[in-house]
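Undergrad: What follows is a structure written as structure tokens; I'll ask about it next.
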Amino acid sequence: MNMEFIRKLPVPAQIKRQMPLPEKYVNIKQKRDDEIKNIFCGNDSRLILIIGPCSADREDSVLDYVSRLREVQEKVKDKIFIIPRLYTNKPRTTGDGYKGMLHQPNPNEQPDMLGGILSIRKLHIDTILNTEFTCADEMLYPENYRYLDDLLSYVAIGARSVENQQHRLTSSGFEIPVGMKNPTSGDYSVMMNAILAAQHPHTFIYRGWEVKSLGNEYAHAILRGFVNKSGQTFPNYHFEDLIHLSQTYNDSGLKNPAVIIDTNHANSGKQYLEQIRICKEVLHSCRYSSEVKKLVKGFMIESYLVDGCQSVSGTTYGQSITDPCLGWEKTEKLIYDIAEIL
């Protein structure tokens, strides 16, 4: 093969023994997992906010951000359930560019996959220890999920991964909710087929084992907008889109119909300030239609300490080095505004 085998990485069980989650926090995670499942199956009316940086690039600023979220969560806990977005591996359209903390624990240094595995586990553990938040991450590489499966409370499958069979089958073995994004083409059928696959049991190969999954009834949709053949972006969060998705769910026979609205990416045309307006428009649709309100379980919002973004070599503390994000002041106000509307 035209590749260099650098070193064999430790299996997940070794990493977990080296960096265990204390028993007290295992129980905290289980409680949060149960609360999130209750929201997705309709037994809890709170709105979920999956919110945080486009990419979790450094531990100090991420923990600073999440600690601020904890203070806000206490003030809106009756209406909103916050799941911090700690995305530690980033898909790249061309394969080039910063691929996240998993690849580069230090964005300005060479890739170090072992260092990355240790760094992302440490970040998620430290977040739980400091804030009692269990978080969301994207499953970019199905074989790596086991390094974090005892820490995460939510997983997203990206627009470029949602058609991949290994992502779908691995998701069917999760014990936590998994969101399937519509593909970049916007074809709902691709997303719905992914949800169907994830909700069913399967036998397949995973990490060198023959395994059997039991199916994940909490697999659901994420609408993130789409791109046409000319590269133009189009949203899919409008009222008509949500009604169409609700009807598609009704025809599908899937369990726990639900959608999370991704307020950035093609929905905003990567105009990050649009996220504020998009949230409020969707909430208006929920007020107008009980059908939409029942379907919409929350939002995915890209937010960090400082507005906008900078280059990977930038030095602004708490500003995204990938897609632009809402800064903290706008984020805090948006959360309180959402709670007020609810």
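Undergrad: For the range 20-72, how many residues are of a type in the set (Lys, Arg), surrounded by 14 or more Cβ atoms within 10 Å (Cβ to Cβ) and either under 16 Å from the mean Cα position of the chain (by Cα) or over 20 Å from Tyr336 (Cβ atoms) (or both)?
TA: 4
Undergrad: Would you list the strands (runs of 3 or more DSSP E) that sit entirely within the range 239-342 and hold 3 or more residues that are closer than 21 Å to Ser185 by Cβ?
TA: By residue number, 259-262.
Undergrad: Phe174 is checked against (1) closer than 30 Å to Lys122 by Cα; (2) surrounded by 23 or more Cβ atoms within 10 Å (Cβ to Cβ); (3) of a type outside the set (D, E, K, R) and fails just one. What number does that condition carry?
TA: Every listed condition holds for Phe174 apart from (2).
Undergrad: Given the condition within 21 Å of the chain's Cα centre (by Cα), touching a residue at least 24 places away in the same chain (Cβ under 8 Å) and part of a loop (DSSP other than H, G, I, E, B), answer yes or no: does some residue in the range 222-233 qualify?
TA: yes
Undergrad: Of all residues in the range 324-336, how many are surrounded by 15 or more Cβ atoms within 10 Å (Cβ to Cβ) and either over 19 Å from Gly97 (Cα atoms) or out of contact with any strand residue (DSSP E or B) (no Cβ under 6 Å at 6 or more places or on another chain) (or both)?
TA: Adding up the residues that qualify gives 8.
Undergrad: Looking at Ser289 and the list (1) of a type outside the set (D, E, K, R); (2) touching a residue at least 40 places away in the same chain (Cβ under 8 Å); (3) in contact with a Gly (Cβ under 9 Å, 6 or more places away or on another chain); (4) surrounded by fewer than 23 Cβ atoms within 10 Å (Cβ to Cβ), which single condition is not satisfied?
TA: For Ser289, the failing item is (3).
Undergrad: Restricting the search to the range 101-149, which residues are under 24 Å from Ile205 (Cα atoms) and assigned to a helix (DSSP H, G or I)?
TA: Met113, Leu114, Ile117, Pro142, Glu143, Asn144, Tyr145, Arg146, Tyr147
Undergrad: Any residue that is hydrophobic (A, V, I, L, M, F, W, C) and within 22 Å of Ile195 (Cα to Cα) - is there at least one of those in the range 269-288?
TA: No, the conditions are met nowhere in the range 269-288.
Undergrad: For the range 150-165: of the residues being outside any helix (DSSP H, G or I) and surrounded by fewer than 16 Cβ atoms within 10 Å (Cβ to Cβ), which is farthest from the chain's Cα centre (by Cα)?
TA: My answer is Asn164.
Undergrad: For Leu223, all conditions in the list (1) surrounded by 22 or more Cβ atoms within 10 Å (Cβ to Cβ); (2) modelled with pLDDT of 95 or more; (3) on the phi > 0 side of the Ramachandran plot hold save one; what is the number of the exception?
TA: All conditions pass for Leu223, except number (3).
Undergrad: Being modelled with pLDDT of 95 or more and either under 28 Å from Ser61 (Cβ atoms) or in contact with a Ser or Thr (Cβ under 6 Å, 6 or more places away or on another chain) (or both) narrows it down to one of Gly269, Gly314, Gly298, so name that one.
TA: Gly298
Undergrad: Mind listing whichever residues of the range 204-221 are assigned to a strand (DSSP E or B) and either hydroxyl-bearing (Ser, Thr, Tyr) or in contact (Cβ under 8 Å) with a residue 24 or more places away in the chain (or both)?
TA: Once the filter is applied, which keeps residues that are assigned to a strand (DSSP E or B) and either hydroxyl-bearing (Ser, Thr, Tyr) or in contact (Cβ under 8 Å) with a residue 24 or more places away in the chain (or both), the range 204-221 yields Phe204, Tyr206, Val211, Ala219, His220, Ala221.
The values are calculated or read from the model by the stated rules, or taken from the named source; none is laboratory data. No experiment lies behind these values; they were computed from the predicted model shown. Cβ atoms come from the backbone with ideal geometry, glycine included; neighbour counts cover every protein chain shown.
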